[in-house]
There are 2 protein chains.
Amino acid sequence: MASSKAAPAIDKRRQILDAAVRVFARQGFHSTRVADIADEAGVAYGLVYHYFKSKDEVLNELFSERWSLLLAAIEEADGSEATPRAKLEAVAGFIVDSYRHDPELMKVIIVEVTRAANSFGRTHLSEIRRAYDSIAKIVADGQQAGAFRRDIDPTFASMSFYGAIEQQLSGWIFELIPATDNDFAQAKSLVTATICDGLEPR
Amino acid sequence: MASSKAAPAIDKRRQILDAAVRVFARQGFHSTRVADIADEAGVAYGLVYHYFKSKDEVLNELFSERWSLLLAAIEEADGSEATPRAKLEAVAGFIVDSYRHDPELMKVIIVEVTRAANSFGRTHLSEIRRAYDSIAKIVADGQQAGAFRRDIDPTFASMSFYGAIEQQLSGWIFELIPATDNDFAQAKSLVTATICDGLEPR
DNA sequence: GCAAACCGATTGACTGGTCAGTCAGCCAGC
DNA sequence: GCTGGCTGACTGACCAGTCAATCGGTTTGC
């Protein structure tokens with residue numbers, strides 16, 4: 001082969017993960033056979049089990065890789081000097097950009113984990129919760145600083161904010177609403193505008 | 001037996017549907033065996049196939065029964081003389097009450113259909129979309145009437161509104177947030193307050 | 001009245017097909 | 001010639017859906 005020395009092991013592992021994203025996005029986790037992943041990756045069936053304990057572990061790895069980035073992004077926004085509103089906008093922006101950058105991966109994460117209460121959602125509940133909690137903290141600090149009204153529970157606001165964004169992504173995933181670069185750009189500011197300013201005129 | 005003439009057929013069918021809700025809610029659709037449904041309903045395995053073409057059809061029936069009520073409720077709200085904001089509040093109220101009244105059924109519908117893009121979501125996409133569209137219409141009419149600002153796309157607002165509510169239900173379903181009668185009552189008004197007034201003080 | 005034919009509801013053992021995961025060995029590079 | 005990444009045929013378990021048989025109530029014929 002062309003590549004001679006660099007550990008091919010890591011390449012193959014990555015190859016399998018990337019292939020899994022494509023196949024999971026196309027067929028969904030449940031109707032994906034391990035053979036489909038191996039085929040898509042161009043490796044032998046058994047190699048999947050060389051790198052991963054099970055089919056589940058492939059999905060777990062995909063989720064954890066990405067979710068940790070999201071958690072880091074939220075915490076970075078929270079730690080910044082920006083206004084609470086700008087912090088929320090940064091979070092929304094990160095999520096939208098994640099989708100723009102790799103829609104298939106985000107589709108898999110949302111459809112198979114985040115929204116799958118009975119299967120993988122259970123497994124990753126604590127990681128998912130951490131995201132909600134961090135967003136709630138941004139809101140609570142905003143209330144403390146007088147930037148947000150105090151009669152809305154921060155946890156509640158956090159769920160609404162995250163729910164609104166995820167529903168947008170779902171709309172794109174389901175192809176219920178158009179998903180052009182322009183829509184992505186709009187979504188970032190509109191989510192924040194809706195949640196912070198409200199639908200009623202000021 | 002005590003009951004003599006009334007068709008027991010219909011009872012058994014209902015019995016199977018009700019049992020299916022419980023089992024689906026407990027184990028999820030995918031890890032539910034048809035035998036589990038039959039056992040829970042106290043009927044023979046084969047009877048499930050007497051009343052339903054397949055395991056899928058049981059879930060389809062459960063979804064359609066409930067979703068048609070939701071669509072009717074949204075359209076009734078839309079047709080009323082209330083303010084746009086009150087219409088949204090009525091929709092939120094209906095959904096929250098649905099959960100309060102039968103959390104297991106709502107759990108099944110949300111987890112297995114509404115949020116399952118790759119399986120049943122696909123099948124029922126047009127029914128789901130109809131709900132989003134009806135909510136968008138309420139928003140659009142509100143904009144027309146000057147009650148809502150016009151720089152937020154009605155489809156976008158509809159997704160945010162519905163997403164915020166569904167995320168609340170998900171929080172209850174996942175047991176991430178408390179679900180007392182008081183929380184239900186609060187949620188109804190807070191969703192509308194958040195979406196219509198926004199987080200920032202007026 | 002009564003029995004026989006009838007018929008839909010009900011039963012549950014069985015089958016065919018599907019896959020996740022195993023494992024015995026191959027071979028490329030050192 | 002050894003090591004470990006790599007191969008893919010194989011197996012055991014699982015389960016949706018089938019179907020032949022039974023049950024129990026109703027109708028028909030006399």
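Pairing the Cα long axis of helix A:55-79 with the longest principal axis of chain A, what angle in degrees results, from 0 to 90 and rounded to the nearest 10?
Between helix and principal axis, roughly 30 degrees.
In a Gaussian network model over chain A where Cα atoms closer than 10 Å are linked, find which of A:Glu112, A:Glu81, A:Glu65 has the largest mean-square fluctuation.
Among A:Glu112, A:Glu81, A:Glu65, the largest mean-square fluctuation in the Gaussian network model of chain A belongs to A:Glu81.
Using a cut-off of 13 Å between beta-carbons, work out the net charge of the residues near A:Asp36 (Lys and Arg +1, Asp and Glu -1, A:Asp36 not included).
+2
Mean-square fluctuation check for chain A, GNM, Cα pairs under 10 Å: which of A:Phe161, A:Phe148, A:Phe24 is largest?
With Cα springs under 10 Å in chain A, the top fluctuation among A:Phe161, A:Phe148, A:Phe24 is at A:Phe148.
Which of A:Ser134, A:Ser126, A:Ser98 moves most in a GNM of chain A, Cα contacts under 10 Å?
Among A:Ser134, A:Ser126, A:Ser98, the largest mean-square fluctuation in the Gaussian network model of chain A belongs to A:Ser126.
Where Rh is the Kirkwood radius over the Cα pairs of segment B:77-202, the temperature 10 °C and the viscosity 1.306 mPa s, what D in µm²/s does Stokes-Einstein return?
104
When Lys and Arg each count +1 and Asp and Glu each count -1, what net charge do the other residues less than 15 Å away from A:Ala145, Cβ to Cβ, add up to?
Cβ neighbours under 15 Å give a net charge of +1.
Summarise the long-distance tail of P(r) for segment B:40-81 by giving the % of C-alpha pairs beyond 16 Å.
Tail of P(r) above 16 Å: 55 percent of Cα pairs.
Beyond 41 Å, what share of the Cα-Cα pairs of the protein assembly as shown remains, rounded to the nearest whole percent?
19
Between A:Phe184 and B:Ala145, how many nm apart are label points set 7 Å from Cα along the C-beta direction?
3.8
Taking the Cβ of A:Tyr51 as the center, what net charge do the other residues with Cβ under 10 Å away carry, scoring Lys and Arg +1 and Asp and Glu -1?
Overall, the nearby charge balance is +2.
Averaged across the residues of B:185-198, what count of C-beta atoms belonging to other chains lies within 10 Å of each residue's C-beta?
5
With N set to the number of residues, divide the alpha-carbon radius of gyration of segment A:136-202 by 2.2 N^0.38 Å and report two decimals.
Details: Rg = 13.6 Å, N = 67, 2.2 N^0.38 = 10.9 Å.
The value comes to 1.25.
Rg (Å, one decimal) plus Dmax (Å, integer) for the alpha carbons of segment A:1-115?
Expressed in Å, the Cα Rg and Dmax of segment A:1-115 come to 16.9, 53.
Computed from the coordinates by the stated procedures, all read-outs in this text should not be read as laboratory data. What you see is a predicted model; the values in this text were computed from it and never measured. Cβ coordinates were reconstructed from backbone atoms using ideal geometry, including for glycine residues, and neighbour counts include every protein chain displayed.
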